[in-house]
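Read through the structure below, which is laid out as structure tokens, and then see the notes.
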């Protein structure tokens, strides 16, 4: 069995590699602690954003509708589903359980959201994403995009940070 | 790669559960088929039939209101909400009258937002409807 830095040693429990890959044990190194802090911050942000939207799916459905990209009924279902996906992925980032899956999903969601925002702006739509409730209602398009790209950048860093290096894998 | 996909599927599936519970909880509070519930809309014909029993509220930007508007309508948009609302409540509003809010077309959202604020923030007890098709429908009806 190949050993990666993300896997506990066989002596720590003897679980199958597939099972182990969902859990990344903390390391004492400064780099590892930095990744952990970034993951907790980004995860916390997604949990907060998800909770705000889950509390009022009607408003979020309206926000999705403002993009004028999807039929209303689909927007409603997304408004009910996406906040919980954000909450779960945020918690997964913070606890490092199902970590890589959560980074993968959140990166995909952020990318889609950035594309949708740019397209909506190009179509001249005055949209409010409502991503963080009233806190971001007054943000300009430029600020919205800047924050989105920062989050996306953080997620990409987390993705890279969680990917085992070749020399580690083969050691 | 396999583990990544499995983790993603697990997360995607787990999120379905609370979403389904929330859908049940909100089943009567969400308009599932259209952005505005049919019961909140009113056609131009019906609204005109209400005559003086209806108060018309123009939710479009002020510049569009100044260009043309429904006779007797007041301009009440989000840009000058507080000022225009006080003016509306002071001069025209009456609790018995129906309120018809309109914006430029079927696809605009301004009327819906203004109607919601009149209900939730101003807490008006009136029957508040959104004009189906907005200003475009009004103009088309006049032709």
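For the reader, a short list of remarks on this structure follows.
- Cβ neighbours within 10 Å from other chains - mean over A:95-102: 4
- B:103, B:108 arranged by Cβ crowding within 10 Å, fewest neighbours leading: B:108, B:103
- For A:111, A:29, order by how many other beta-carbon atoms lie within 10 Å, fewest first: A:29, A:111
- Given R0 = 45 Å, the distance between the Cβ atoms of residue B:140 and residue B:28 translates into a calculated FRET efficiency of 0.85.
- Enclosing the Cα atoms of segment A:29-160 in their convex hull gives a volume equal to 98 cubic angstrom per residue.
- Between 0 and 90°, nearest 10: helix B:2-25 axis offset from chain B longest Cα axis: 40
- Note on B:18-27: average number of Cβ atoms from other chains within 10 Å of each residue's Cβ is 5.
- Residue exposure proxy: B:75, B:105, B:39, A:102, ordered by other Cβ atoms within 10 angstrom of their Cβ from fewest to most, comes out as B:39, B:105, B:75, A:102.
- Between residue A:56 and residue B:1, the simple spin-label model (points 7 angstrom out along Cα→Cβ) gives 4.5 nm.
- The Cα center of segment B:100-140 and the Cα center of segment A:56-132 differ in position by 27 Å.
- For chain B, alpha-carbon Rg over 2.2 N^0.38 Å: 1.39
- Kirkwood hydrodynamic radius of segment B:1-64, from inverse mean 1/r over distinct Cα pairs, in Å: 16.8
All of the numbers you see were taken from the coordinates with simple rules; none came from a lab. Values in this document were obtained by computation on a predicted structure and should not be read as measured data. Every residue, glycine as well, gets a Cβ built from its backbone with ideal geometry; the counts of neighbours run over all protein chains shown.
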